[in-house]
């Protein structure tokens, strides 16, 4: 064929559309991957949300009685004080036995609800569970160890309701 001749329609071959079709297929495959990723992320988020809701329901169940129990703690302290201050002889003996029985019953009920006593005498001071109300020098107790418990602390299902008020050793007295 010469340059001066015009090509016939049979001689003109159309440009193949294969390259545009391949590009379109690649584009669609990319969109499919994005959609799959989006679905997986949505499913993961839904599972996380369900897990959070389960945990919140469990926490609500475990700690629903916390306010009531916190209000009962001073009454429990008073009962213990009454029991220890009543005389151990005569009429006082019967009263002390009544206090002891009431205390055991109350402790049993509160314990079944998840309440536990913090009584850290002789243990190292832990600011997350104890409140230092004083320090005393001691020849026998190491520095930072609790000498005496001024007021018991309480936990509800491992959450501190009331810190134990304690007296902590400051170590050997200076001479």
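I'd like to check something: does the range 81-88 contain any residue that is within 31 Å of the chain's Cα centre (by Cα) and either in a loop (DSSP other than H, G, I, E, B) or exposed (fewer than 15 other Cβ atoms within 10 Å of the Cβ) (or both)?
Let us first name the residues in the range 81-88 that are within 31 Å of the chain's Cα centre (by Cα), namely none.
No, that holds for no residue.
From the list 128, 108, 170, pick out the single residue that is outside the structural domain of residue 59 (by TED's automatic domain parsing) and over 30 Å from residue 58 (Cα atoms). I'd like the intermediate steps shown before the answer.
Details: 128 fails: over 30 Å from residue 58 (Cα atoms); 108 fails: over 30 Å from residue 58 (Cα atoms).
Step by step, each of 128, 108, 170 is checked, and only 170 is outside the structural domain of residue 59 (by TED's automatic domain parsing) and over 30 Å from residue 58 (Cα atoms).
Of the conditions (1) out of contact with any strand residue (DSSP E or B) (no Cβ under 6 Å at 6 or more places or on another chain); (2) closer than 28 Å to residue 166 by Cα; (3) surrounded by 10 or more Cβ atoms within 10 Å (Cβ to Cβ), residue 121 satisfies every one except a single condition; which number is it?
(1)
Which members of the range 159-175 meet the condition of being within 25 Å of the chain's Cα centre (by Cα) and more than 19 Å from residue 124 (Cβ to Cβ)?
Filtering the range 159-175 down to residues within 25 Å of the chain's Cα centre (by Cα) leaves 159-166.
Once the filter is applied, which keeps residues that are within 25 Å of the chain's Cα centre (by Cα) and more than 19 Å from residue 124 (Cβ to Cβ), the range 159-175 yields 159, 161, 162.
Identify the single condition in (1) part of a helix (DSSP H, G or I); (2) surrounded by 14 or more Cβ atoms within 10 Å (Cβ to Cβ) that residue 71 does not satisfy, given that it satisfies every other one.
It fails just one condition, (2).
What residue, of 96, 44, is at pLDDT 95 or above, surrounded by 10 or more Cβ atoms within 10 Å (Cβ to Cβ) and more than 20 Å from residue 158 (Cα to Cα)? If you could, list the steps in order and put the result at the bottom.
On the way: 96 fails: at pLDDT 95 or above.
Only one candidate passes the filter, namely 44.
Can you say whether residue 106 is under 27 Å from the mean Cα position of the chain (by Cα) and in contact (Cβ under 8 Å) with a residue 60 or more places away in the chain, as far as the supplied structure shows?
Working: under 27 Å from the mean Cα position of the chain (by Cα): yes; in contact (Cβ under 8 Å) with a residue 60 or more places away in the chain: no.
No: the conditions fail for residue 106.
Being in contact (Cβ under 8 Å) with a residue 12 or more places away in the chain, part of a loop (DSSP other than H, G, I, E, B) and either under 21 Å from residue 77 (Cα atoms) or in contact with a helix residue (DSSP H, G or I) (Cβ under 8 Å, 6 or more places away or on another chain) (or both) is the requirement here; does residue 120 meet it? Walk me through how you get there before you give the answer.
Working: in contact (Cβ under 8 Å) with a residue 12 or more places away in the chain: yes; part of a loop (DSSP other than H, G, I, E, B): yes; either under 21 Å from residue 77 (Cα atoms) or in contact with a helix residue (DSSP H, G or I) (Cβ under 8 Å, 6 or more places away or on another chain) (or both): yes.
Yes: the conditions hold for residue 120.
Mind listing whichever residues of the range 108-117 are closer than 18 Å to residue 160 by Cβ and part of a helix (DSSP H, G or I)?
First pass over the range 108-117, keeping only residues closer than 18 Å to residue 160 by Cβ: 110-111, 113-117.
Result: 110, 111.
Return yes when residue 109 is exposed (fewer than 13 other Cβ atoms within 10 Å of the Cβ), within 23 Å of residue 65 (Cα to Cα) and out of contact with any helix residue (DSSP H, G or I) (no Cβ under 8 Å at 6 or more places or on another chain) and no when it is not. Explain how you work it out, then say what you get.
On the way: exposed (fewer than 13 other Cβ atoms within 10 Å of the Cβ): yes; within 23 Å of residue 65 (Cα to Cα): yes; out of contact with any helix residue (DSSP H, G or I) (no Cβ under 8 Å at 6 or more places or on another chain): yes.
Against the criterion (exposed (fewer than 13 other Cβ atoms within 10 Å of the Cβ), within 23 Å of residue 65 (Cα to Cα) and out of contact with any helix residue (DSSP H, G or I) (no Cβ under 8 Å at 6 or more places or on another chain)), residue 109 qualifies.
The values are calculated or read from the model by the stated rules, or taken from the named source; none is laboratory data. Owing to the predicted nature of the structure, the values given are computational and were not obtained by experimental measurement. Positions of Cβ are generated from backbone atoms using ideal geometry, with glycine treated the same way; all protein chains shown enter the neighbour counts.
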